[in-house]
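Visitor: Can you keep this structure in mind? I'll have questions shortly.
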Amino acid sequence: MIFLKVHYQKNIPVVDPLLFEEDDHFLRAFAVKSDHWDYEKERRVLKHSKDGGNGIHKFDPILLQGVILGARIRREDEELVYGWIDRFPTALQLYKATVNKNHYALDIVSN
């Protein structure tokens with residue numbers, strides 16, 4: 001299992017499949033996103049098939065610190081998420097994405 005910190009950048013990365021034998025080149029291909037998503041501070045977990053890679057994987061609930069509701073979430077879906085959070089075994093911070101009025105951006109606000 002490999003844990004990756006996502007790197008955010010303005011330009012699309014150049015990925016050469018012929019270099020995939022080099023570990024860092026291979027991993028970079030899975031850990032880059034547009035800098036528009038920088039607010040996410042995302043981490044990714046890669047699991048090889050020999051380690052049970054495909055499918056749904058459970059994690060220790062203490063690792064989840066918060067939930068961000070999308071700017072266009074439907075009310076019934078929002079209520080569904082609230083129900084999940086209420087039953088979650090650890091305390092979670094709840095945030096909501098809102099459309100910024102001046103920029104092509106989303107603001108993440110505490111809910």
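The values are calculated or read from the model by the stated rules, or taken from the named source; none is laboratory data. Bear in mind the structure is a predicted one, so any value in this text is a computation, not a measurement. Don't worry about glycine lacking a Cβ; one is built from the backbone with ideal geometry, like all the others, and counts go over all protein chains shown. Ligands, DNA and RNA are stripped out before the accessible areas are found, and what is left, the full protein with its side chains, is counted by its heavy atoms. Shrake-Rupley method; radii C 1.70, N 1.55, O 1.52, S 1.80 Å.
Visitor: Out of all the residues in the stretch 12-30, which are assigned to a loop (DSSP other than H, G, I, E, B) and modelled with pLDDT of 65 or more?
Guide: 12, 13, 14, 15, 16
Visitor: Scan the stretch 48-72 residue by residue and report those that are more than 17 Å from the chain's Cα centre (by Cα) and either under 24 Å from residue 91 (Cα atoms) or open to solvent by 80 Å² or more (accessible area, probe 1.4 Å) (or both).
Guide: Once the filter is applied, which keeps residues that are more than 17 Å from the chain's Cα centre (by Cα) and either under 24 Å from residue 91 (Cα atoms) or open to solvent by 80 Å² or more (accessible area, probe 1.4 Å) (or both), the stretch 48-72 yields 48, 49, 50, 54, 72.
Visitor: Is it true that residue 108 is open to solvent by less than 70 Å² (accessible area, probe 1.4 Å), in contact (Cβ under 8 Å) with a residue 60 or more places away in the chain and not in a loop (DSSP other than H, G, I, E, B)?
Guide: yes
Visitor: Please list, ordered by first then second residue, the pairs with beta carbon atoms under 9 Å, 6 or more apart or interchain, first in the stretch 48-63 and of a type in the set (Lys, Arg), second surrounded by 10 or more Cβ atoms within 10 Å (Cβ to Cβ).
Guide: none
Visitor: Still on this structure, please answer the following. Could you tell me how many of the residues in the stretch 73-105 are open to solvent by 70 Å² or more (accessible area, probe 1.4 Å) and over 27 Å from residue 35 (Cα atoms)?
Guide: The number of residues fulfilling the criteria is 9.
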